[in-house]
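Just below is one structure, and these are the notes that go with it.
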Amino acid sequence: MIEQKRSLPGTLYFIVMMVFLYLPVLVLIVFSFNNSVILAFPFKGFTLEWYKQLLGARELLLAARNSIIVGISSSLVATLIGALAAVAVTRHHMPARNFFLGAASVPLVMPSIVLGVAMLVLFRRVFDLQLNLWLITAAHVLISIPSTILIVMARLADFSHNLEEAAMDLGANYWMTLLKVTLPISLPALIAAFLTAFTTSFDEYAMTTLITGTDTTLPVYLYSLLRFPRRLPVAVAMGSIIMVISAILVITAEKLRSIGTNRVQKENKI
Amino acid sequence: MVNNIIEFENVSKQYREKAGEIVNALNPSELSIQAGEFFTLLGPSGCGKTTALRLMAGFIQPTAGNIKIDGLAMNNVPPYRRPVNMVFQDYALFPHLNVFENVAFGLRIKRTQAAEISRRVNESLEIVQLVGLNNRRPSQLSGGQKQRVALARALVNQPAVLLLDEPLGALDLKLRRAMQLELKALQQQVGITFVYVTHDQEEALTMSDRIAVMSAGRILQIDSPQNIYERPTTRFVADFVGETNFLTGKIKNIVTGDYVKLAIGNDLVDVRHRTNGIHPGDTVTVAIRPERLSLAADGQQVEQISATISEITYLGTDTRYLVTIPTGEKAAVRVQNAGMNRTSSYRIGDQVKLGYVLDDAQILVS
Ligand SMILES: Nc1ncnc2c1ncn2[C@@H]1O[C@H](COP(=O)(O)OP(=O)(O)OP(=O)(O)O)[C@@H](O)[C@H]1O
Ligand SMILES: [Mg+2]
């Protein structure tokens with residue numbers, strides 16, 4: 001490895017980057033402890049009042065619960081579908097493989113507001129359905145699938161198909177092989193895919209707001225709170241909690257992905 | 001009657017490339033492997049060795065023909081129902097399982113009792129001389145140790161046939177030599193049929209009971225190591241296994257069942273008659289190993305060809321002469337530097353006679 005000298009411009013660049021990235025987050029967290037309804041400097045004093053109010057905010061907590069349910073169920077489904085698709089793409093002869101991959105990645109590049117309008121038309125006009133949490137879950141599955149496919153696929157492409165052949169050679173049939181070799185080896189990627197899907201769903205606003213009926217998710221509810229300035233600090237407190245949890249999830253997902261990759265790379269070095 | 005454990009009846013394999021191109025990885029081939037033998041598939045890269053092995057293991061199906069294992073037709077029998085186990089070139093050890101669990105994998109699938117699993121796993125780890133590492137992960141093992149785990153993992157299932165795809169390919173030369181002897185001893189100890197793939201002719205000669213030499217999707221010759229070396233039937237086999245001289249001659253007459261009289265340049269020599277389909281007047285190629293040729297003055301040898309010495313290389317134990325015969329062809333001669341010191345007796349440009357013993361020359365079919 002080349003030893004890297006710390007240079008002044010490099011250090012400055014790093015500091016500016018960090019401030020740029022994390023200042024808004026920091027401001028949010030700081031204001032969540034500020035003893036004033038108005039979000040402005042200077043600070044009035046330290047308080048846990050907003051967090052206390054948060055515990056009593058029934059609707060807000062309901063929205064949070066909805067978000068968690070939608071997040072977990074849509075991520076489970078998206079991970080399952082993504083994993084199976086990844087197996088199909090990397091392990092089987094698939095006609096039109098590239099077309100399939102391209103088609104599955106469309107939600108990644110399509111603006112979610114456009115997707116939201118499309119969903120609304122589909123649900124209300126074409127099928128005439130009542131908007132509910134299940135439809136939101138289905139929509140979140142759709143936008144999470146590209147990332148789950150890609151994450152699991154990278155993992156499967158990484159480890160030698162020989163391992164699966166070895167399992168079959170030792171007496172395991174297709175499903176046994178999937179269960180005892182393919183799945184355990186891909187587990188870090190499956191968890192990473194799940195966490196990524198969960199954060200995608202938990203954050204989603206633009207599309208979700210269009211297809212929200214009576215039951216609302218957290219981001220949509222928080223946005224609606226902005227109309228009531230007195231309740232804003234509670235939203236800020238909630239935002240701070242989400243921010244911290246999201247950061248933990250993202251870091252965990254990233255760690256798991258790299259653990260998996262390192263393990264395979266070590267394996268392949270004989 | 002010999003018991004054939006693996007039989008190929010007219011088996012061929014074609015791969016269809018994406019561009020619609022067809023690769024003939026194995027041309028229609030006959031093959032009989034006897035129970036208990038150490039059988040080697042030998043050939044250069046891309047000749048179809050792995051294809052043949054994967055056909056036996058059941059990872060791929062033949063395009064045409066039948067494969068029988070232990071007398072049973074294997075058409076559409078999946079890998080997990082065949083009485084064979086494979087040792088992969090990259091070992092294919094399960095990275096998420098430790099050494100013990102890797103070896104126990106096959107037994108666990110068959111729902112063997114825990115006590116027996118433990119007994120048999122430890123037994124096979126002892127056979128491959130790898131004890132005390134049961135809890136290590138594959139990533140914590142050396143190449144040689146991984147090799148042993150891969151062997152134990154296959155052997156523990158007591159297969160009728162063990163398939164080995166260049167299992168020593170990733171090891172350094174010294175370890176490789178040691179493992180060759182060990183593998184051979186192990187095969188004799190457990191009495192399992194080994195089908196061994198290698199592109200290393202020396203490895204094939206030292207380890208095998210019989211060798212099938214392959215080239216470009218064809219099996220050219222199946223024979224004992226000695227016959228592959230001493231009696232190659234084709235130019236490819238003679239050339240691939242060891243160093244060989246090829247001399248062109250014309251058949252004068254054939255004394256059937258005994259010898260063939262051959263003209264090489266102006267010299268008339270005899271070659272043992274072993275090759276079918278040759279007739280007087282044919283131009284043929286004769287193969288003779290450099291160490292089976294000798295140099296002498298006129299009249300000292302039975303079969304002799306005139307030659308001029310054009311190169312002398314001292315190799316320590318041997319001296320290698322490159323000689324030119326009157327037809328313009330060159331031949332290498334290896335003479336051992338033992339007894340009387342012969343290195344000084346010839347100089348470049350000397351006229352000599354090349355001699356050999358009747359049985360040491362071989363007429364090739366092609
Ligand atoms: N899945 C495949 N699709 C298309 N062609 C293939 C496939 N597998 C092998 N081939 C081709 O078939 C031929 C034989 O391959 P095979 O792997 O049997 O060779 P090999 O003798 O084992 O060579 P090596 O010593 O390099 O391992 C080669 O030309 C190879 O390119
Ligand atoms: Mg091969």
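The values are calculated or read from the model by the stated rules, or taken from the named source; none is laboratory data. Note that this is a predicted model, so its numbers are computed, not measured. Note that each Cβ is placed from the backbone with ideal geometry, even for glycine, and that neighbours are counted across all protein chains shown. Side chains included, ligands, DNA and RNA excluded: accessible areas come from the protein's heavy atoms. Shrake-Rupley method; radii C 1.70, N 1.55, O 1.52, S 1.80 Å.
Using R0 = 35 Å, the C-beta based FRET efficiency linking residue A:214 and residue A:76 works out to 0.90.
When both bridge partners sit in the range B:4-239, DSSP labels roughly 55% of those beta bridges antiparallel.
For the range A:53-269, a Kirkwood radius taken over Cα pairs fed into Stokes-Einstein (10 °C, viscosity 1.306 mPa s) yields D = 83 µm²/s.
Put simply, the amide H of residue B:41, placed in the peptide plane, has neighbours under 5 Å in B:196, B:197, B:198, B:212, leaving out anything fewer than 5 places away on its chain. Extension gain for the segment residue A:21 to residue A:176, taken as residue separation times 0.36 nm less the Cα-Cα distance, is 51.2 nm to one decimal. Show which lysines lie in cross-link reach of residue B:252 when reach means a straight Cα distance below 16 angstrom and same-chain residues fewer than eight apart are skipped. Once the sequence-local lysines are set aside, what remains near residue B:252 is B:261. Label zone (residue A:160, point 7 Å along Cα-to-C-beta; backbone nitrogen cut-off 16 Å) within the range A:78-109: none.
A simple rule links phi to the HN-Hα coupling: the Karplus curve 6.51 cos²θ - 1.76 cosθ + 1.60 with θ = phi - 60°, which for the range B:23-28 gives 9, 7, 6, 9, 7, x Hz, with x for Gly and Pro. Please go through the range B:1-59 and write out the GluC sites (Glu not before Pro) that DSSP classes as loop and that have at most 11 other C-beta atoms within 10 Å. Listed in order of number, the matching sites are B:17, B:21. Report the label-to-label distance for residue B:17 and residue A:118 in nanometres (one decimal), using points 7 Å from each Cα along the Cα→Cβ vector. Using points 7 Å along Cα→Cβ, the separation is 3.8 nm.
A simple spin-label model places pseudo-atoms 7 Å from Cα toward Cβ; at residue A:58 and residue B:302 they are separated by 11.4 nm.
The length gained on full extension between residue B:122 and residue B:3, counted as 0.36 nm times the residue separation minus their Cα-Cα distance, comes to 39.7 nm.
Within 10 Å of each candidate Cβ there may be at most 13 other Cβ atoms; applying that plus a DSSP loop requirement, which trypsin sites (Lys or Arg not before Pro) in the range A:1-70 survive? Taking the range A:1-70 and a limit of 13 other Cβ atoms within 10 Å, the loop trypsin sites (Lys or Arg not before Pro) found are A:5, A:6, A:44. Within the range B:1-110, the trypsin sites (Lys or Arg not before Pro) that combine a DSSP coil assignment with at most 15 other C-beta atoms in a 10 angstrom radius are B:18, B:110.
Normalised by 2.2 N^0.38 Å, where N is the number of residues, the alpha-carbon radius of gyration of the range A:1-155 equals 1.53. Once neighbouring chains are kept in place and the probe is 1.4 Å, which whole percent of the accessible area of the protein assembly as shown is contributed by carbon and sulfur? About 59 percent, which is the carbon plus sulfur part of the accessible surface.
Annotation: the range B:151-258 has a Kirkwood hydrodynamic radius of 16.1 angstrom, from the mean reciprocal C-alpha pair distance. By a straight-distance test (C-alpha under 17 Å), which lysines pair with residue B:184 as possible cross-link partners, with residues fewer than eight away in the same chain excluded? Excluding near neighbours in sequence, the set is B:174. Around the amide H of residue B:252, modelled in the peptide plane, lie the amide H atoms of B:261, B:262, B:263, B:281, all under 5 Å away and 5 or more residues distant in sequence or on another chain. The Cα center of the range A:111-172 and the Cα center of the range B:11-49 differ in position by 41 Å. Which pairs break 26 Å Cα to Cα here: B:18/B:68; B:49/B:146; B:49/B:330? Over 26 Å apart, Cα to Cα: B:18/B:68; B:49/B:330. For the range A:53-269, the solvent-accessible area with a 1.4 angstrom probe is 50 square angstrom per residue. A simple spin-label model places pseudo-atoms 7 Å from Cα toward Cβ; at residue B:313 and residue B:172 they are separated by 2.7 nm.
With a Förster radius of 41 Å applied to the C-beta separation of residue A:129 and residue A:203, the computed FRET efficiency comes to 0.95.
First obtain the Kirkwood hydrodynamic radius of chain B from its Cα pairs, then insert it into the Stokes-Einstein equation at 20 °C and 1.002 mPa s, and state the resulting D in µm² per second as a whole number. For the chosen part, D equals 92 µm²/s. Computed with the Debye formula from one identical point scatterer per Cα of the protein assembly as shown, without solvent, the log10 of I(q)/I(0) at q = 0.08, 0.09 Å⁻¹ comes to -0.81, -0.92. How much of the DSSP bridge set in the protein assembly as shown is antiparallel, in percent, rounded to the nearest 5? Close to 80 percent.
Residues with beta-carbon under 15 Å from that of residue B:65, excluding residue B:65: net charge, scoring Lys, Arg +1 and Asp, Glu -1? Taking every Cβ under 15 Å from that of residue B:65, the sum is +1. Net charge of the neighbourhood of residue B:242, taken over other residues with C-beta under 15 Å away and scored Lys/Arg +1, Asp/Glu -1, is -4. The stretch between residue B:268 and residue B:45 holds 76.3 nm of extra length on full extension. This uses 0.36 nm per residue minus the Cα-Cα distance. Taking amide H atoms as placed 1.01 Å from N in the peptide plane, the amide H of residue B:215 lies under 5 Å from those of B:220, each 5 or more residues away in sequence or on another chain. Using the average count of surrounding beta-carbon atoms within 10 Å as a protection proxy, the listed peptides A:23-31, B:244-252, A:125-133 rank, highest first, as B:244-252, A:23-31, A:125-133. Summed over both chains, the area buried between A and B is near 2300 Å², taken from the accessible surface of protein heavy atoms with a 1.4 Å probe. Phi angles of the range B:317-331 translate, via the Karplus equation with coefficients 6.51, -1.76, 1.60 and θ = phi - 60°, into HN-Hα couplings of 5, 10, 10, 10, 10, 10, 10, 10, 9, x, 6, x, 6, 10, 9 Hz per residue; Gly and Pro are given as x. Accessible surface computed residue by residue for the range B:86-245, with neighbouring protein chains in place and a 1.4 Å probe, gives 40 Å² per residue. 3J(HN,Hα) along the range B:159-165: x, 6, 9, 10, 9, 10, 9 Hz, from the Karplus curve 6.51 cos²θ - 1.76 cosθ + 1.60 with θ = phi - 60°, whole Hz, x for Gly and Pro. Helix B:173-190 against the longest principal axis of chain B: what's the angle in degrees, Cα atoms only, rounded to the nearest 10? Tilt relative to chain B: about 70 degrees.
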